[in-house]
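Asker: If you scroll down you'll find the structure; I have some questions about it.
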Amino acid sequence: MMDITEIEEQAALDKIKSGKRLDGRDLKKFRDIKVETGVAKKAEGSARVTFGDSKVIVGVKFGVGHPFPDTPDEGILMVNAELGPMASPNFESGPPGKEATELSRVIDRGLRESEALPLEDLCIEEGEEVWKVMVDIHILDHDGNLMDASALGAIAALMEAKIPGYEDGKVLREEKHDFKIRRTPIACTVAKVGDRYIIDPSLVEEEIVDGMVTVTWTEEELCSLQKRGNGGFKKDELIEIFELAREKSDELRKIIE
């Protein structure tokens, strides 16, 4: 967790109660967002995303492997997140910690439950060989809301990805074939502070919120959600959060489309 002083905490709370943020934003406004694709030339697809001072880079690679026994005719999706000490002094090198595991699982769930990837089209030989889609998320700078930034980076990288050729047991990376996703799931995190809701919480704000809900919407439906923090939510609050997340996810979708 980030160490913030009582003065910083109170200042953030006072600002939110007044309908503003420490950085001057309205409660329901994103920071400046930038998305760049094709930033990692060795990857089949890649994207660099910034939300204010939070920065992530996502790479997509394709490999060939054995299918899972219960889905012998479907490809495999794998999402991995790396939170290293260069991004924040609170992150450590080594095996994925709790934050990295949660981050990768939320992104994986949004992609999987939305059925964005045509996994059935990634079967090479049923029960023997299928394509593996590996989505690697690297946090470059942590200033809050890594969930939304990583999810946007993941879908942006997948949208521009090209699948290699495959012949005689060899992956031909010099070949590039279209890989079309079916939907664009977008994650949007809504944080609750007292009786107020805020979008795109900064790192300081994440320390003072009562709770957060990350909601992933496709163009048409809610496909996954993840609650974080100790605070609870009533049914009518969740409905309001879902609708707010849907509205704001449409804003993010326009950026990458």
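The values are calculated or read from the model by the stated rules, or taken from the named source; none is laboratory data. This one's a predicted model, so the numbers in the text were calculated from it and none came from an experiment. Neighbour counts run over all protein chains shown; Cβ positions are idealised from the backbone, glycine included.
Asker: Please work out which residue is farthest from residue 146 (Cα to Cα), limiting yourself to segment 205-218 and to residues that are part of a loop (DSSP other than H, G, I, E, B) and at pLDDT below 95.
Answerer: At the first step, the residues of segment 205-218 found to be part of a loop (DSSP other than H, G, I, E, B) are 209-210, 218.
Subsequent filtering for residues that are at pLDDT below 95 retains 209-210.
Working: 209: 15, 210: 18 Å.
Looking at residues that are part of a loop (DSSP other than H, G, I, E, B) and at pLDDT below 95, I get 210.
Asker: Out of all the residues in segment 226-233, is one or more part of a helix (DSSP H, G or I) and within 23 Å of residue 143 (Cβ to Cβ)?
Answerer: Keep residues of segment 226-233 that are part of a helix (DSSP H, G or I), which gives none.
Checking segment 226-233: not a single residue is part of a helix (DSSP H, G or I) and within 23 Å of residue 143 (Cβ to Cβ).
Asker: Which of the residues that make up segment 186-219 are in contact (Cβ under 8 Å) with a residue 24 or more places away in the chain and charged (D, E, K, R)?
Answerer: Answer for segment 186-219, where residues must be in contact (Cβ under 8 Å) with a residue 24 or more places away in the chain and charged (D, E, K, R): 192, 196, 200, 205, 206, 207, 219.
Asker: Tell me which residues, restricted to segment 149-192, are surrounded by 14 or more Cβ atoms within 10 Å (Cβ to Cβ) and either in contact with a Cys (Cβ under 6 Å, 6 or more places away or on another chain) or part of a loop (DSSP other than H, G, I, E, B) (or both).
Answerer: 160, 161, 179, 181, 183, 184, 185
Asker: For residue 253, indicate whether it is out of contact with any Pro (no Cβ under 8 Å at 6 or more places or on another chain), basic (Lys, Arg), farther than 26 Å from residue 88 by Cα and modelled with pLDDT of 95 or more. Steps first, answer last, please.
Answerer: Numbers: out of contact with any Pro (no Cβ under 8 Å at 6 or more places or on another chain): yes; basic (Lys, Arg): yes; farther than 26 Å from residue 88 by Cα: yes; modelled with pLDDT of 95 or more: yes.
So residue 253 passes the test.
Asker: Would you be able to say whether some residue in segment 124-131 is assigned to a strand (DSSP E or B) and either β-branched (Val, Ile, Thr) or in contact with an Asp or Glu (Cβ under 7 Å, 6 or more places away or on another chain) (or both)? It would help to see each step written out before you state the result.
Answerer: Step one: filter segment 124-131 for residues assigned to a strand (DSSP E or B), giving 124-125, 129-131.
Now narrow it down to the ones that are either β-branched (Val, Ile, Thr) or in contact with an Asp or Glu (Cβ under 7 Å, 6 or more places away or on another chain) (or both): 124, 130.
So far as segment 124-131 goes, yes, one or more of its residues are assigned to a strand (DSSP E or B) and either β-branched (Val, Ile, Thr) or in contact with an Asp or Glu (Cβ under 7 Å, 6 or more places away or on another chain) (or both).
Asker: Whether any residue in segment 226-237 is surrounded by 20 or more Cβ atoms within 10 Å (Cβ to Cβ) and either farther than 24 Å from residue 122 by Cα or under 20 Å from the mean Cα position of the chain (by Cα) (or both) is what I want to check. Spell out how you get there, then give the answer.
Answerer: Taking segment 226-237 first, the residues surrounded by 20 or more Cβ atoms within 10 Å (Cβ to Cβ) are none.
No, because not a single residue in segment 226-237 is surrounded by 20 or more Cβ atoms within 10 Å (Cβ to Cβ) and either farther than 24 Å from residue 122 by Cα or under 20 Å from the mean Cα position of the chain (by Cα) (or both).
Asker: Sort out which residues of segment 13-51 are farther than 24 Å from residue 252 by Cβ and touching a strand residue (DSSP E or B) at 6+ places or on another chain (Cβ under 9 Å), and write them in order of number.
Answerer: Result: 13, 17, 42.
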